[in-house]
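What follows is a single structure, written as structure tokens, with notes after it.
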Amino acid sequence: MASVPWRPRRPIVFLIGALTVWPIVYFFLFLGFVAFSFASLSSGHQGASFNAFKYIVPAHLLTMLLMFGLTAVYVVHAFRSDQIAENLRVVWVIVLFFGNIFAFPIYWYLYRWRPRESPTV
């Protein structure tokens, strides 16, 4: 049985794109947090880094859950889309699993933001 292509409406595509950008933004925020923590520990102000830690843990967990959800969304789209050639579907799934936050924006731009009418070769 052939699956029905998944073509979300433009607001949903925009929302997925905004959620796709968050893990990259969070990555740099987390690096800043780690640098701030090391700087505060070396200067003797340990309380500042521990106060910020209570905010970074929930953000980290939510970002991880978001990344699992985005992986599922993109993999389902890759298999149900009629815009991707059959021989590239498995390649995209592998790239989405292993490239994760770096592959998501590329896939979103190529196949969601400016969708093609015919399959790519």
Of all residues in region 70-94, how many are touching a residue at least 12 places away in the same chain (Cβ under 8 Å) and touching a helix residue (DSSP H, G or I) at 6+ places or on another chain (Cβ under 9 Å)?
-> 14
Qualifying residue in region 54-65 (condition: at negative phi, modelled with pLDDT of 80 or more and small (Gly, Ala, Ser)) = yes
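Would you check if residue 8 is in a loop (DSSP other than H, G, I, E, B), closer than 13 Å to residue 108 by Cβ and either touching a residue at least 12 places away in the same chain (Cβ under 8 Å) or under 19 Å from the mean Cα position of the chain (by Cα) (or both)?
Details: in a loop (DSSP other than H, G, I, E, B): yes; closer than 13 Å to residue 108 by Cβ: yes; either touching a residue at least 12 places away in the same chain (Cβ under 8 Å) or under 19 Å from the mean Cα position of the chain (by Cα) (or both): yes.
Against the criterion (in a loop (DSSP other than H, G, I, E, B), closer than 13 Å to residue 108 by Cβ and either touching a residue at least 12 places away in the same chain (Cβ under 8 Å) or under 19 Å from the mean Cα position of the chain (by Cα) (or both)), residue 8 qualifies.
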For residue 99: the one exception among (1) of a type outside the set (Lys, Arg); (2) part of a helix (DSSP H, G or I); (3) buried (at least 18 other Cβ atoms within 10 Å of the Cβ) | (3)
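The values are calculated or read from the model by the stated rules, or taken from the named source; none is laboratory data. None of the values given here were measured: they were computed from a predicted structure. Virtual Cβ from ideal backbone geometry, glycine too; neighbours counted across all protein chains shown.
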